[in-house]
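*Asks:* A single structure is presented below for examination.
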Amino acid sequence: MENIASFDLLRKLWRAYFNRDKQIERELKILKKNIQYYASSILCFPFAIPDNATIHVTYQCNLNCPICEIINIPKRDKLSAPEYNLTTPELESIAEQIKKMGIAEVMLTGGEPLLRHDLINIVDLCIKQGIEVDITTNGTIINEKTARDIASSKIRHIQVSIDSLNPEINDTIRGKAGSFLKAIEGINSISKHKVIIKKTKYDRPTIGINTVIIDKNLQDLVGMVGFFKKMEVIQIVYLPFVTDTSNLQNIDSASSFWPKKVRLEALDSAIDQLVKLKQSDGNFINPHQQIEYLSLLKKYYRNEIEVSKFRCLSALNRVVIGPNGDVAYCGGSFGNLRKKSLSGIWYSNRAWQARKQVKKCKNPCLQVCMGKTECENIKTIFNSFTGRVKKLY
Ligand code: SF4
Ligand code: SF4
């Protein structure tokens, strides 16, 4: 029976391919890339062009989230110094190098990227290279002018961090009173200006939410879906809490933010409901990930992830650039763009050593952009491909 179904699938695939079906071409590209990532991860060498470059344009931030390592950076008051902030011309050169490597997307993040007065200029530099630009922000300093600038720029997507629907809880996590209301106002301002400027409600930039799962917000996770669906938000990305953002492999489940043992049932219940919601509307919750990823979060908070089953693509699927030009993976820097070219760093011996460290990771952090459950092995790669193709026909 299974053979007949597979034959049927192959037949449809064959026809669709020769009819130049765009969706099939897209699925085949994903299949090819997953195979390349799998080989890259085994051999610690990048065979695939990374999906994305993430640039931390500054580490300055107006908030004080106790869950963020940035607030503990020594000499935080010096973070506005030029040595910690790539200049606009340096960023222009980096955008050119990103384009040269074939990377099609850039995420501008921080700290708080909107603290850079030249942010829209940086966006334009990337767009000039034909690169799509997304930004992440805490949303709290978006005033009318910023909202108008964002709406009239060609930013593709803006992802806003909100961790709870309860303003008090959200503001405790964000380290500043009033953060929740300001972020909501920021989202509404962008939506308003988008409509005025673009005249069409669903034009760019689209808006999404990042939510870190911690002990204090478990009761809110599911309600956020309905709440944000009523606003002009297209996605929520639920992220696991990491205890040390400067080295993701350091996990401290004794942290007060980590869900306590007695709260694990509440966590399971929330995850089960999110899985069901994702089954009915796969694009709203963690749209770039397989459903298994959400389920894995239950194991994550119990420290039960089977390391052998998790394929991390850190230093392979995404180039991460710090505000001082460091190119980094979860364990630190493996080169600096003020001293060497991006491709020189990416294909260097130090990058190879970093990827070997990734391979030895004992504490998978499940960060949304680093792991791919479908790349676990050749079988999972093909299963995810055929699963997606089956849904199409
Ligand atoms: S808003 Fe973001 S960068 Fe700023 S302190 Fe909070 S987590 Fe860190
Ligand atoms: S899963 Fe990857 S990114 Fe996360 S800690 Fe391990 S090696 Fe680092």
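*Asks:* Residues of the stretch 17-40 with the amide nitrogen closer than 14 Å to a label point 7 Å from the Cα of Ser341, along Cα-to-Cβ, please.
*Replies:* The answer is none, because no backbone nitrogen lies closer than 14 Å to the label point.
*Asks:* Turning to a different aspect of this structure: Roughly speaking, what is the stretch gain from Glu144 to Gln219, that is 0.36 nm per residue apart minus the C-alpha to C-alpha distance, in nm to one decimal? Intermediate values should be presented prior to the final figure.
*Replies:* Numbers: separation 75, 0.36 × 75 = 27.00 nm, distance 3.26 nm.
Contour length minus Cα-Cα distance gives 23.7 nm.
*Asks:* For the chain, give me the percentage of DSSP beta bridges that are antiparallel, rounded to the nearest 5 percent.
*Replies:* Numbers: 6 of 34 bridges.
Roughly 20 percent of the DSSP beta bridges within the chain come out antiparallel.
*Asks:* Next question. Using a basic spin-label model with each label point 7 Å from the Cα along Cα→Cβ, how many nm lie between Thr386 and Ile196?
*Replies:* 5.4
*Asks:* If R₀ is 45 angstrom, what is the calculated FRET efficiency for the pair Ile30 and Ala177, using the beta carbon separation as r and rounding to 0.05?
*Replies:* Result of the calculation: an efficiency of 0.55.
*Asks:* Between the alpha-carbon centers of the stretch 242-281 and the stretch 315-339, tell me the distance in whole angstrom.
*Replies:* One Cα centre to the other: 27 Å.
*Asks:* Please compute the modelled spin-label separation between Phe47 and Lys299, points set 7 Å along Cα→Cβ, answer in nm with one decimal.
*Replies:* Inter-label distance under the simple model: 2.5 nm.
*Asks:* Right, next: Using a Gaussian network model of the chain whose springs link C-alpha atoms within less than 10 Å, name the residue from Ser255, Ser41, Ser179 with the highest mean-square fluctuation.
*Replies:* Ser255
*Asks:* Picking from Phe227, Phe241, Phe257, which is most flexible by a Gaussian network model of the chain using Cα springs under 10 Å?
*Replies:* Phe227
*Asks:* How much length, in nm to one decimal, is gained on full extension between Leu264 and Gln367, taken as 0.36 nm per residue of separation minus their Cα-Cα distance?
*Replies:* Net length gain for the segment: 35.1 nm.
*Asks:* Where in the stretch 257-356 are there GluC sites (Glu not before Pro) that are in a DSSP coil and have at most 12 other Cβ atoms within 10 angstrom of their Cβ? Could the numbers behind the result be given before it?
*Replies:* On the way: sites: Glu265, Glu292, Glu304, Glu306; in loops: Glu304, Glu306.
Answer in residue order: Glu304, Glu306.
*Asks:* Tally the DSSP beta bridges in the stretch 110-217 and give the antiparallel ones as a percent, rounded to 5.
*Replies:* On the way: 0 of 9 bridges.
Antiparallel bridges make up about 0 percent of those DSSP assigns within the stretch 110-217.
*Asks:* Taking the Cα centre as origin and putting +1 on Lys and Arg beta-carbons and -1 on Asp and Glu beta-carbons, what dipole magnitude results for the chain, to the nearest 20 debye?
*Replies:* The dipole magnitude comes to about 1000 debye.
*Asks:* Here is a follow-up. Along the three principal axes, how long is the chain when you take its alpha carbons, biggest first, rounded to the nearest angstrom?
*Replies:* Per principal axis, max minus min of the Cα coordinates gives 64, 49, 49 Å.
Throughout, read-outs are computed from the coordinates displayed, never taken from laboratory work. Only a predicted model underlies this, so the values are computations on that prediction, with no experimental measurement involved. All Cβ positions, glycine included, derive from the backbone under ideal geometry; neighbour counts span all protein chains shown.
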